[in-house]
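A.B. asks: Before I ask anything, here is the structure I am working with.
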Amino acid sequence: MDKRVSDLFSTRREILRTGGYGLLGAFASQSMMPVKVQAAGRSNPRGTARYCIVIELAGALSHIDSFDFKENAGTQKDFDVRHVRNDLYLPYRLFPEMSKEMDKVTVVRSMKSHEVVHFRGQYYNQAGRPLNPAQAAEIPSVGSVISYEFENLRREQDTFPTYIGCNLDTSGCGALSTGFLPPKYSVLDVNLKEGSAAAPGSKEAMALLEERYTLLSKLDDALATARGGRDRKFGSFRDFQRSAYRILGDPRWPAAFQMSKEEIARYGDNSVGLGCLFARNAVKSDAGTRYIHITHPDWDHHRNIYNHAVKSNHYIRCNEFDRAMAALLRDLSAEPSPREKGKTLLDETMVVMITEFGRVPGALNGIAGRHHYNLAYVSMLAGGGVKGGRIIGKTDAAGEHVIESGWKYAKHQIKTENIYASIYSALGIDWRKAITNTPSKRAYRYVDSLGATEMVMDDEIAELFV
């Protein structure tokens, strides 16, 4: 009986899930080509970063118990609050490792969200704009836009996808599709807690795979003339085939999943720890990946937010995030850049922590938790040209209202759109570009000034970099 390629590879639980399967992913087959892009000519991208790693705390971090600490009736006795630097105080019980790394990080305390529910907030964090049901089918994720922008910069040796997700399947909205962009710019989402599917195949398996892929390519060429106007859909499928084939043949791919017991202990054997460890390996591989979006789920603590007896609380999630991000910053800052003498991989990698919104300040609610709150919350950025050790913005004594925006637009709070404008800028992308030939005929602006509830300043946060 003929052998199958799967017979020759190690059998593992499936962890690689191809992107574009998420919200309205079927729309990708209707994508238009070529894309028509119009540059506004008013932005000046900095180009200070080669990579970007986004860590999304899905469910919402309590800002007043973390990086905008405010002592209140809900403050726990075991927090062990310590002065870190400048106007930064942190509960050492929650953030013992990040307390040592805040010289690398800038905290943005003047955030405001359009959203106050999880599905919409998590969509907002992937799409970089509020959910508009009338246009949702054609809206790509920010990662897909970045993948599109970097397509012409990919080298022959770049086999990894430009955009990789970690645990996006745990998000309320799943992994967003490429929208009107071709499916080749889709995310490859990996769920590292499901096992390891990156074991290298044997020489026999790789030889058989190459033989059958060659045969498939010849058959595909022979049928090309018969496809006619249907070739766009077939072309999209062939893009996925070619990408999968190149990854399987690249020893750097299984190497990116190699994690020692010591490394797992430092980062944490959980979704955010393994995600950050994989992100470090992918950046070190320099195999084509530029943007990684890690979802750290289960932050929605309406009840028992600080109850040690329950399975999920802010103690657990804060400690997971704390260990993972601190280890990532340390490792990247210790790794020399292969491109520029005297610089490190952290100098080339922007690391961003985002969350959907904040949580209600003051005393805990009647079920010992904190509900959603969108009028003030925090984000954090490090590396990739960001000047660390600073705080942008200020809230009042209770953490309820922003009293200083901390950037040049004094009357406007900072929003998720501005975080992504800063990411685009660091990566060298004109964030004011617009794609004009969308299916709906409505221009898609990389950073949209038309927010769900109010106008948005379509600008980067320049104060991060200077």
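A.B. asks: So which of Gly20, Gly59, Gly74 ends up being in a loop (DSSP other than H, G, I, E, B), at pLDDT 95 or above and on the phi > 0 side of the Ramachandran plot? Talk me through it step by step, then tell me what you get.
C.D. replies: Numbers: Gly20 fails: at pLDDT 95 or above; Gly74 fails: on the phi > 0 side of the Ramachandran plot.
Every option except Gly59 fails the conditions.
A.B. asks: May I pose another question? From Val272, Val310, Val283, which residue is more than 15 Å from Cys166 (Cα to Cα), assigned by TED's automatic domain parsing to the domain that holds His372 and modelled with pLDDT of 95 or more? Let's see the steps before the verdict.
C.D. replies: Values: Val272 fails: more than 15 Å from Cys166 (Cα to Cα); Val283 fails: more than 15 Å from Cys166 (Cα to Cα).
Residue meeting the stated conditions: Val310.
A.B. asks: Would you check which residues across the stretch 340-388 are touching a residue at least 40 places away in the same chain (Cβ under 8 Å), in a loop (DSSP other than H, G, I, E, B) and basic (Lys, Arg) and list them?
C.D. replies: Of everything in the stretch 340-388, those that are touching a residue at least 40 places away in the same chain (Cβ under 8 Å), in a loop (DSSP other than H, G, I, E, B) and basic (Lys, Arg) turn out to be Arg370, Lys387.
A.B. asks: Mind checking whether some residue in the stretch 334-357 is among the small types (Gly, Ala, Ser), modelled with pLDDT of 95 or more and crowded, with 23+ Cβ neighbours inside 10 Å?
C.D. replies: No, because not a single residue in the stretch 334-357 is among the small types (Gly, Ala, Ser), modelled with pLDDT of 95 or more and crowded, with 23+ Cβ neighbours inside 10 Å.
A.B. asks: Would you check which residues across the stretch 400-422 are part of a loop (DSSP other than H, G, I, E, B) and free of Cβ contacts under 8 Å to residues at least 40 places away in the same chain and list them? Can you show your working first?
C.D. replies: Pass one, the stretch 400-422, residues part of a loop (DSSP other than H, G, I, E, B): 400-401, 405-413, 415.
Of everything in the stretch 400-422, those that are part of a loop (DSSP other than H, G, I, E, B) and free of Cβ contacts under 8 Å to residues at least 40 places away in the same chain turn out to be Glu400, His401, Ala410, Lys411.
A.B. asks: Among the numbered criteria (1) closer than 24 Å to Asp448 by Cβ; (2) at pLDDT 95 or above; (3) part of a helix (DSSP H, G or I), which single criterion is violated by Ser99?
C.D. replies: With respect to (1) closer than 24 Å to Asp448 by Cβ; (2) at pLDDT 95 or above; (3) part of a helix (DSSP H, G or I), Ser99 is out only on (1).
A.B. asks: Let me ask something additional. Out of (1) outside the structural domain of Pro338 (by TED's automatic domain parsing); (2) modelled with pLDDT of 95 or more; (3) of a type in the set (S, T, N, Q), what's the single condition that is false for Thr11?
C.D. replies: (2)
A.B. asks: Looking only at the stretch 436-457, count how many residues are surrounded by fewer than 21 Cβ atoms within 10 Å (Cβ to Cβ) and more than 20 Å from the chain's Cα centre (by Cα).
C.D. replies: Applying the first criterion (surrounded by fewer than 21 Cβ atoms within 10 Å (Cβ to Cβ)) to the stretch 436-457 yields 436-443, 445, 448-455.
Filter once more, keeping what is more than 20 Å from the chain's Cα centre (by Cα): 436-443, 449-455.
Within the stretch 436-457, residues that are surrounded by fewer than 21 Cβ atoms within 10 Å (Cβ to Cβ) and more than 20 Å from the chain's Cα centre (by Cα) number 15.
The values are calculated or read from the model by the stated rules, or taken from the named source; none is laboratory data. In this text the structure is predicted, and so the values were computed from the model without any measurement. Heads up, the Cβs are rebuilt from the backbone with ideal geometry, glycines too, and the neighbour counts pull from every protein chain shown.
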